[in-house]
Amino acid sequence: MSLRTIVTLPDPVLRRKARAVTKFDKDLHTLIDDMVETMRDAPGVGLAAPQIGLAERLIVVEYYEHEMDEESEENEDMPKKVWAIINPEIVKASEEKVMGVEGCLSLPGLVGEVERHTEVLVKGLNRHGKPMKVKAKGWLARIFQHEIDHLNGILFPDLATRVWQPQQEVEQEQEV
Ligand code: ZN
């Protein structure tokens, strides 16, 4: 495994519509493993292939599987799950939306207030080319929407009601 370089604006790959992945071979598995390692190193909670310079429809996400309730403090013992989804698509989205502040590893030093669906159903393929789906709520749903946007050349400031440069370092949870 090796770390890949995260590209930032104005790299044009971030604005391209990524192409579907059609080969589920060893190279793809290496790429997925590298993306997970790169996401953790950043650190971030999601990464899309265009963010490492590849216009391919592939995302990785690492986050808590179940939504935390407002009171419970985030703690290190809570299990996180890794998803690698190829050719992901949002096939269902809640009518309900929620505002949240998010950042992007490809837009360092910037955050924005973005309205996202509170729940989504994501369908795609796993690393072996088998169909898979994920039902996501809350922040996990936000991460999936942000990453899938990357595959269509959409960056969060395109959707944000407000974008600014925070004084303090951005929380890891916001970096996708
Ligand atoms: Zn991003």
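Say we join alpha carbon atoms closer than 10 Å with springs in a Gaussian network model of the chain; which of 46, 124, 103 then has the biggest fluctuation?
The residue with the greatest mean-square fluctuation here is 124.
Any chance you could check the Cα centroid distance between the range 2-54 and the range 88-160 for me, in angstrom?
Answer, in whole Å: 16.
Semi-axes of the equivalent ellipsoid for the range 91-155, please: Cα gyration tensor eigenvalues, times 5, square-rooted, ordered largest first, whole Å.
22, 16, 9
Among the GluC sites (Glu not before Pro) within the range 104-176, which fall in a DSSP loop and have no more than 14 other Cβ atoms within 10 Å of their own Cβ?
Sites meeting the loop and neighbour criteria: 169, 171.
Helix-derived [θ] at 222 nm for the chain: sum -39500 (n - 2.57) over DSSP H runs of at least 4, divide by residue count, nearest 500?
It lands at -5500 deg cm²/dmol.
Which value in Å is the Kirkwood Rh of the chain over different Cα pairs?
Numbers: mean 1/r = 0.0615 Å⁻¹.
For the chain, the Kirkwood estimate is 16.3 Å.
No value in this document is a laboratory result; all are computed from the given coordinates. Worth saying up front: this structure is predicted, and the values here are computed from it rather than measured. For neighbour counting, all protein chains shown are included, and Cβ atoms are generated from backbone atoms with ideal geometry for every residue, glycine included.
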